[in-house]
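Right, one structure below, let's go through it.
Here, each number is a calculation from the coordinates, and none is a lab measurement. Note that the structure is a prediction, hence the values are computed from the model and not measured. No Cβ is skipped: glycine too gets one built from the backbone with ideal geometry, and neighbour counts run over all protein chains shown.
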Amino acid sequence: MKVDFFKRKTINLDIGIRCTLLCPKCNRQRFSSSGKKVPGHDTTIKEFDTITDFFKIVSFCGQVSDPIFNPNFIEFLKMGYNKNVKCNVHTSASHKSKEWYIKAFKSNPNATWIFGIDGLPHTSHLHRINQDGEKLFKIMLLANKLVKSVTWQYIVFKYNEDDMNNARELAKKNNLKLEFMASSRFRENDPLMPKKQENYLVRSELWNDFYVTKKNRT
Ligand SMILES: C[S@@+](CC[C@H](N)C(=O)[O-])C[C@H]1O[C@@H](n2cnc3c(N)ncnc32)[C@H](O)[C@@H]1O
Ligand code: SF4
């Protein structure tokens, strides 16, 4: 089905420029490796009000930031709730207090949260550099009690591909949705590249990205 760009009701936003993690394939690293500042600014409340007057689904994901670092983020979640705008949060940074997370979850019980924890929690920092995976896992369990939908997103790497069954067990035990994601961002001889071909995407499969991601869903 052809969708008119100007009539789209869904938007994916970078609401800031900050992140405390250093995931090697993130677009952020392209800027820092060339000595450039990450472009953009913190979305303001006025801007978000305008955005939510038009769009019905907002994804706080983007390409160069983690949404938790916008100082207005909890207010945005509240606004989404009050204006009946669906909010999808993609986050991997773990540098907020437990109290902050509880406030964020309670501000919009209808939100969907997707946590990027790549591997068993004690190993995820091998890709998500600086992440406290064990802390974020506990936060994700709290979210699972306070918001409508929570997904544990697990990108498959060499260091975690043999832990997938253990992750399935852990997810089952905690009543969590687990989504394995096959990455397409590996270069030749990449030290993080999985050993098994089914766990990453080769160039000819790129068009099929969504299908492979879905296929890996647990
Ligand atoms: C720039 S991040 C922004 C959202 C949030 N900071 C996060 O990482 O979840 C955008 C997306 O890139 C994904 N991503 C990061 N590293 C990746 C990799 N090596 N391969 C595939 N996707 C990756 C993240 O999981 C996230 O869904
Ligand atoms: S957590 Fe997200 S924004 Fe931060 S470095 Fe990793 S991929 Fe980039």
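Return the subset of K138/K173; K83/K135; K148/K172; K7/K78 for which the Cα-Cα distance in this structure is over 22 Å, preserving the input order. In this structure, K83/K135; K7/K78 exceed 22 Å between Cα atoms.
Return the aspartates and glutamates within reach of K56: Cα separation strictly under 13 angstrom, same-chain partners fewer than 8 residues apart disregarded; answer none if there are no such residues. Cα-Cα hits under 13 Å: none found. In terms of surrounding Cβ atoms within a 10 Å radius of their Cβ, V38, V89, V147 rank from fewest to most as V38, V147, V89. Helix 98-107 axis versus longest C-alpha principal axis of the chain: approximately 60°, rounded to the nearest ten.
In the chain, one over the average inverse separation of all distinct C-alpha pairs is 18.2 Å, which is the Kirkwood hydrodynamic radius.
Compute the separation of the alpha-carbon centres of the stretch 118-132 and the stretch 38-88 and state it in Å as a whole number. When both Cα centres are located, 26 Å separates them. Residues whose amide H lies under 5 Å from that of T43, counting only those 5 or more places away or on a different chain, are G16; hydrogens are built 1.01 Å from N in the peptide plane. Cysteine residues of the chain whose Cβ has no partner cysteine Cβ closer than 4.7 Å: C19, C61, C87. Taking trypsin sites (Lys or Arg not before Pro) as exposed when DSSP calls them loop and at most 16 other C-beta atoms lie within 10 angstrom, the chain has its longest site-free stretch at 84-147.
Between the Cα long axis of helix 73-82 and the first principal axis of the chain there is an angle of about 70°, rounded to the nearest 10. Taking only Cα atoms, what is the 0 to 90° angle, nearest 10, from helix 45-54's long axis to the longest principal axis of the chain? Rounded to the nearest ten degrees, it is 80.
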